[in-house]
Amino acid sequence: MQIAADPPPRLDKALARDVPADANLSRSRLARLLAEGAVLRDGVAATDAKARVAEGDIFEIHVPVAAESHMLAEQIALDVVFEDSDLIVINKPAGMVVHPAPGSPSGTLVNALLAHCGDDLSGVGGEKRPGIVHRIDKDTSGLLVVAKSDRAHHGLAAQFEAHSVERVYSAVVYGAPDAADPRLRGIRGASFEDGNILRLTTQLARHKTDRQKQAVLFQGGRHAVTRARVVERFGTPAAAALMDCWLETGRTHQIRVHLAHAGHGLIGDPTYGGRRKLPVKSVGEAAALAATNFPRQALHAAKLGFEHPVSKEFLRFSAQIPPDMADLIAALRGLQTDTSA
């Protein structure tokens, strides 16, 4: 490759700007190739990322064949919403972990994708593996996008970093947030926007004593913004609600911990939901029992929108609320559900 006119002052930035698009090399991948001595100038390895370059300089980039992943490919059924040569959108079921970890070495979405995609994985970071750019919790269902190539991984990651990805979640919560509620007006970080939209703005960080939890902070941690709007109220007076929640940022457990901070934790959430029960007088015995027995946080990633990192077309996807949450909502509405299936 040849350095074009008016190059950036550093080699790594010049390479990132001028490397051919069809090389499918992200900035992070180029940085690793530099460090590994795979970038040559006049036959000599150029390893100094800060080295100066000039217009017309010629570099050779030797990209090794993508190595096979060390992770196990497993034949696990997937609900594929969209797929092309660069990315795949999955409707993940509740109960599936996204990425292998010490406690979950197999049975994950990544294991399933390794088998499903096979040789279609062109390599992410030099390894034939799916590129995970965002995650949803094990017991949260719904949509997520995964990169199949380095160029897609880089382009999607940039959008998540810029908070330009559209993500809307469906949640069933205790109570029904309302701008007229004086209690909510007294909660730090909570405010309301036009349309009775609850906005929660805090910092989030790992809990000091329980490392499996996140905690709300107002100094330190990472900036987090959640917006939520009531879609349907259940009970008289309202004891629960179906809400749309959308993320300006995407932190670990963000919706779960933010709504719990506001006093409207998710039904079924074993970490942040507390031991609350719905009042029988408000919703009826069947609905109260359905909420008590709901086995996971009632949260579903329902909508996902992003710019395709290669075609630049803006894509939007939706996934219906899964049967377990649909049954919970039906019970809260006082409807009969068929549990024989």
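At-a-glance table
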item	result
Label-point separation, residue 315 to residue 238 (7 Å along Cα→Cβ), nm	3.5
Listed residue (152, 31, 230) projecting farthest to the positive dipole end of the chain, Cβ model	230
Proximal lysine pairs, the chain, alpha carbons under 15 Å, eight or more residues apart or interchain	5
Within-14-Å neighbourhood charge of residue 212 [Cβ basis; K, R +1; D, E -1]	+2
Rounded, prolate or oblate (a/c below 1.5 giving rounded, otherwise prolate when a/b exceeds b/c) for the chain by Cα gyration tensor	prolate
Per-peptide average of other Cβ atoms within 10 Å, ordering 247-259, 4-16, 82-94 highest first	247-259, 82-94, 4-16
Ratio of the Cα radius of gyration of the stretch 66-225 to 2.2 N^0.38 Å, where N counts its residues	1.25
Ratio Rg/Rh [Cα only; Rh per Kirkwood] for the stretch 136-269	0.99
CD proxy at 222 nm, helix term only [per DSSP H run n ≥ 4: -39500 (n - 2.57); per residue of the chain; nearest 500]	-6000 deg cm²/dmol
By average C-beta atoms within 10 angstrom, highest first, the peptides 233-245, 213-225	233-245, 213-225
Estimated vicinal HN-Hα couplings, Hz - the stretch 221-237 in sequence order (Karplus 6.51, -1.76, 1.60; Gly, Pro = x)	x, 10, 4, 9, 10, 10, 10, 8, 9, 5, 9, 8, 9, 10, x, 10, x
Highest-first arrangement of 162-175, 97-110, where packing means the average Cβ count within 10 Å	162-175, 97-110
Inter-label distance, nm, simple model (7 Å from Cα along the C-beta direction), residue 166/residue 185	3.4
On Cα atoms only, tilt of 150-161 relative to the major axis of the chain in degrees	50
Degrees separating the helix 323-333 axis from the principal Cα axis of the chain, which is the longest one	30
Other-chain or far-sequence residues with amide H under 5 Å of residue 238's (modelled H)	none
5 angstrom amide H check on residue 82, placed H, neighbours 5+ away	89
Amide H contacts of residue 214 (H built 1.01 Å from N, under 5 Å, at least 5 apart or other chain)	207
Calculated diffusion of the stretch 208-341, Stokes-Einstein form, Kirkwood radius summed over Cα pairs, 10 °C and 1.306 mPa s, µm²/s	95
Cα-based shape type of the stretch 88-174, given that a ≥ b ≥ c are square roots of the gyration tensor eigenvalues and the cut on a/c is 1.5	oblate
Dipole moment magnitude, nearest 20 debye, the chain about Cα centre, only Lys, Arg, Asp, Glu C-beta charged	1720
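No lab work stands behind these numbers, since they all come straight from the coordinates. Just so it is clear, the structure is predicted and the values come from calculations on it, not from any experiment. Cβ sites come from the backbone with ideal geometry, for glycine too, and all protein chains shown count toward neighbours.
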